[in-house]
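Coordinate-derived values only; no laboratory data. Keep in mind it's a predicted model, so treat the numbers as computed, not measured. Because the Cβ atoms are built from the backbone with ideal geometry, glycine has one as well, and the counts that use them run over all protein chains shown.
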Amino acid sequence: MGIGDCPANPYILEYLTSSKSDIMTENDHVIKTSGLGKSFKQVRAVDDLSLTVNKGDIYGFLGPNGAGKTTTIKLILDLVQSDGGEIWLNGINITEGGVSVREGIGYLPERAQFYRNLTAIQTLEFFAELKGVDKEQCDELLAKVGMDRWRDKKMGTFSKGMVQLVGVAQSLLGNPHLLILDEPTSGLDPRWSRVLKDIMLEMNAQGTTIFFSSHLLSEVQELCNRIAILNQGKLVIEDTVANVSGGMTHKPKLVIRVSGDAGKAVEALRAGGFEEITVHGNQISVPVESTEKSKVLQLLAEAQIGIEDFKTVEPSLEDAFMGYIGNEAVTGGVMNEP
Amino acid sequence: MNLEINLRKIKAISMKEFMDNVRNKWVLALSLIFLVLTIVFSYFGGATSGGSVEFQGYEDTVAALSTIAAMLLPIIAIMLGYGTVISERENGSLGVVLGCPVSRFDVIIGKFFGLGAVLLVTIFLGFGISGVIVGALAGFSGGLEYFLFMVLTFLFSFFFLGFSILMSTLANKRSTAIAGGLVIFFSGMIAGTILFGIWVATGGDMGAMLDQVMSGGTFELPDWLWAGYYFSFMDIYPMGSMEIFGASDFMGYQFDYPGFINAPYIFAWFTFLSALTFVSSLLMFNKKDL
């Protein structure tokens with residue numbers, strides 16, 4: 001199944017097939033920015049950024065390091081002040097709405113450390129007080145993220161992942177209608193990363209809109225129904241995952257395992273007009289249009305090359321991402337960063 | 001400018017700040033330091049000025065104590081305040097706080113109240129308990145003045161706390177914040193020397209002054225010099241402390257103060273300075289990118 005064909009989880013399927021995906025109104029825009037800009041000294045961190053997060057979205061915010069993702073999140077939460085453009089949360093301009101526009105929002109910054117001398121439970125109770133929500137849910141939330149055993153241990157004694165989990169619990173206080181998460185799985189081992197993704201899906205199924213930044217394409221691909229790609233402060237594209245993947249120039253690849261000489265197979269295909277062929281052992285990959293697949297197989301058959309197996313690999317979001325932001329980001333280590 | 005404040009959230013932030021300092025034993029440690037200082041200076045202070053080793057009354061205790069308190073309290077206040085905003089900015093927790101429906105005013109007011117309460121409690125516990133001990137052993141005469149000395153001590157240290165919070169608000173690094181605090185500390189230490197230097201450079205006769213005051217007489221210094229001492233914080237605080245007792249001590253000698261050097265003015269001065277740091281912190285933090 002190609003990524004463009006279907007979202008990867010049942011909650012998104014439910015959302016897409018429900019009435020929530022019908023025509024959006026202004027009130028359905030949980031986050032909306034228009035012409036947003038921010039400079040730090042000589043650096044234009046965010047430039048003319050207009051994006052829209054709809055009610056019920058799991059919205060992935062992608063971009064290489066330094067693309068402006070964290071600055072955008074801070075602008076949305078009024079933690080940094082924009083030097084141009086406007087931001088609306090639930091239809092209310094944040095410059096006019098005061099602090100109440102942040103009610104019902106759960107926020108987890110990247111690499112938050114919290115207060116080293118507070119215990120996990122004291123940390124949650126402090127934030128429950130600030131959010132004006134019932135402190136009784138703190139224990140339940142610690143259990144939800146698997147930190148209930150360490151409720152009375154000081155945050156200063158926790159590993160990075162454990163701090164992150166308490167941060168996740170903090171963001172869930174008050175059952176928020178909007179979760180804004182900056183690299184939420186950063187620092188989590190695969191098990192807790194899975195738990196967090198399940199929590200995100202569960203919250204979304206209950207109606208919570210989720211806006212999160214990530215550089216992990218697999219994560220975005222798995223969770224999101226809509227994404228935006230940011231590069232050098234500018235919005236490159238904002239659309240559904242399917243449209244972003246489908247809108248790229250990469251062709252699907254026909255991957256064939258041959259029984260004979262792979263070199264001979266390559267020669268046969270090149271003679272047939274296929275140039276961009278890659279070889280790994282006895283496996284060859286050929287970018288093809290869907291109408292060209294049978295031609296490739298026919299060329300190999302005519303050259304009397306045995307075919308052990310073959311499959312079509314649809315272009316991934318990763319291919320799309322690379323196509324949109326160019327190879328510069330790869331050399332910067334974006335794709336390899338844990 | 002967002003002027004929203006919420007008392008419940010201010011209370012939560014100030015309680016956290018205060019309890020942090022209870023948990024890390026700063027409240028206990030500072031109270032003990034102030035208690036021991038007072039007892040030591042009350043008991044031994046007389047000996048260093050030619051008197052006997054015994055508990056002095058409140059006035060003599062304050063005379064000996066206020067000079068060392070003028071050095072110690074600013075350092076303590078700067079240590080309390082310099083990291084309060086910048087540390088939380090650096091570790092990301094301030095972003096989480098302000099991601100909640102909490103205004104920037106709530107945060108700054110909460111920090112001033114919480115850390116101010118640390119100073120208030122430790123000063124009144126440390127100096128208060130020792131004051132009762134001194135009173136029980138040397139008499140309670142001057143008790144009200146001693147209480148006012150504690151109030152002035154709080155205002156004096158609160159100004160340094162406010163300044164360090166302002167530095168913490170303005171700085172982008174912890175090292176810059178503490179450097180800012182140390183600048184006001186050292187400027188307070190050297191201001192008096194600079195003032196005297198200007199007086200001597202403009203014709204003042206230091207020798208005549210010392211001859212006069214050491215022989216038990218009084219000496220008149222120009223008004224501008226006394227006015228300048230309002231900016232020599234480590235001098236004006238002990239002067240104010242003694243003024244409470246009606247003594248016009250300066251550098252251990254008697255001087256004729258002009259009318260504007262008096263305890264109520266000095267109380268008002270430190271109140272004004274504290275308010276200035278408070279308002280400045282509010283305004284600066286309101287515009288700060290986190």
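Here the protein assembly as shown is assigned +1 on the Cβ of each Lys and Arg and -1 on the Cβ of each Asp and Glu. Its dipole about the Cα centre then comes out at about 760 debye.
Computed from backbone phi with θ = phi - 60° and the Karplus coefficients 6.51, -1.76 and 1.60, the 3J(HN,Hα) list for the stretch B:186-197 is 6, 5, x, 6, 9, 4, x, 5, 4, 4, 5, x Hz; x is used for glycine and proline. Placing +1 on each Lys and Arg Cβ and -1 on each Asp and Glu Cβ, with no other charges, gives the stretch A:37-85 a dipole about its Cα centre of roughly 140 debye.
By the equivalent-ellipsoid construction on the alpha carbon gyration tensor, the protein assembly as shown comes out with semi-axes of 69, 25, 22 Å, ordered largest to smallest.
Note on A:114-120: average number of Cβ atoms from other chains within 10 Å of each residue's Cβ is 4. Rounded to the nearest 500, the 222 nm mean residue ellipticity of the protein assembly as shown from helices alone is -17000 deg cm²/dmol, with -39,500 (n - 2.57) taken per DSSP H run of at least 4 residues. Peptide A:219-227 is shielded by partner chain Cβ atoms: per residue, an average of 0 of them sit within 10 Å of its Cβ. Choose one of A:C138, A:S186, A:L196: the residue whose Cα lies farthest towards the positive end of the charge dipole of the stretch A:3-240 (beta-carbon charges +1 Lys, Arg; -1 Asp, Glu; about the Cα centre). Result: A:S186, furthest along the dipole toward the positive end. Backbone geometry of the stretch B:257-266 corresponds, through the Karplus equation with coefficients 6.51, -1.76 and 1.60 at θ = phi - 60°, to 3J(HN,Hα) couplings of 6, x, x, 7, 9, 8, 4, x, 5, 5 Hz, x marking Gly and Pro. The alpha carbon centroids of the stretch B:125-186 and the stretch A:88-165 are separated by 34 Å. With θ set to phi - 60° and the Karplus curve 6.51 cos²θ - 1.76 cosθ + 1.60, what are the ³J(HN,Hα) couplings of the stretch B:165-171 in order, to the nearest whole Hz, using x for Gly and Pro? Residue by residue, the stretch B:165-171 yields 5, 4, 5, 5, 6, 7, 6 Hz.
Positive end of the dipole of the protein assembly as shown (Cβ unit charges, origin at the Cα centre): among B:F233, A:T208, B:F147, the Cα lying farthest that way belongs to A:T208. By definition, a body whose alpha carbon gyration tensor gives a ≥ b ≥ c is rounded when a/c is under 1.5, and the stretch A:253-314 falls into this rounded group.
Taking amide H atoms as placed 1.01 Å from N in the peptide plane, the amide H of A:A45 lies under 5 Å from those of A:K38, A:S39, A:F40, each 5 or more residues away in sequence or on another chain. Helix A:160-171 versus the longest principal axis of chain A: what angle, 0 to 90°, nearest 10, using Cα atoms? With both axes taken from Cα atoms, the answer is about 60 degrees. What does the charge count around A:P287 come to, taking other residues whose C-beta lies under 10 Å from its C-beta (Lys +1, Arg +1, Asp -1, Glu -1)? With Lys, Arg at +1 and Asp, Glu at -1, the net is -2. Packing here is the average count of other Cβ atoms within 10 Å per residue, and on that basis the peptides B:205-217, B:126-138, highest first, run B:126-138, B:205-217. How big, on average over all directions, is the shadow cast by the Cα convex hull of chain A, in nm²? Over every viewing direction, the Cα hull of chain A projects on average to 20.3 nm².
Choose one of A:V80, A:L235, A:G104: the residue whose Cα lies farthest towards the positive end of the charge dipole of the stretch A:3-240 (beta-carbon charges +1 Lys, Arg; -1 Asp, Glu; about the Cα centre). Checked the options; the winner is A:V80. Inter-label distance, B:E90 to A:K154: 1.8 nm, where each label sits 7 Å from its Cα along the C-beta direction.
Over the stretch A:253-314, Cα pairs under 8 Å with separation of 6+ residues give a relative contact order of 54 percent. Between B:Q254 and B:F219, the simple label model (points 7 Å from Cα in the Cβ direction) yields a spacing of 1.6 nm. Per residue of peptide A:127-139, the mean number of Cβ atoms on other chains within 10 Å of the residue Cβ is 4. For B:S280 and A:K135, what is the calculated FRET efficiency with R₀ set at 45 Å and r taken between the beta-carbons, to the nearest 0.05? Calculated value: 0.85.
Put a plus charge on the Cβ of each Lys and Arg, a minus charge on the Cβ of each Asp and Glu, and nothing anywhere else: the dipole of chain A about its Cα centre is then about 780 debye. Near B:F285: Cβ cut-off under 12 Å, other residues only, Lys/Arg at +1 and Asp/Glu at -1. The net charge is +2. Take every Cα pair under 8 Å whose residues are at least 6 apart in sequence, average their separation, divide by the length of chain A, and the relative contact order is 21 percent. Annotation: chain B has a Kirkwood hydrodynamic radius of 20.3 angstrom, from the mean reciprocal C-alpha pair distance.
A cut-off under 9 angstrom between Cβ atoms defines the neighbours of A:Q232, and their net charge, with Lys, Arg +1 and Asp, Glu -1, is +1.
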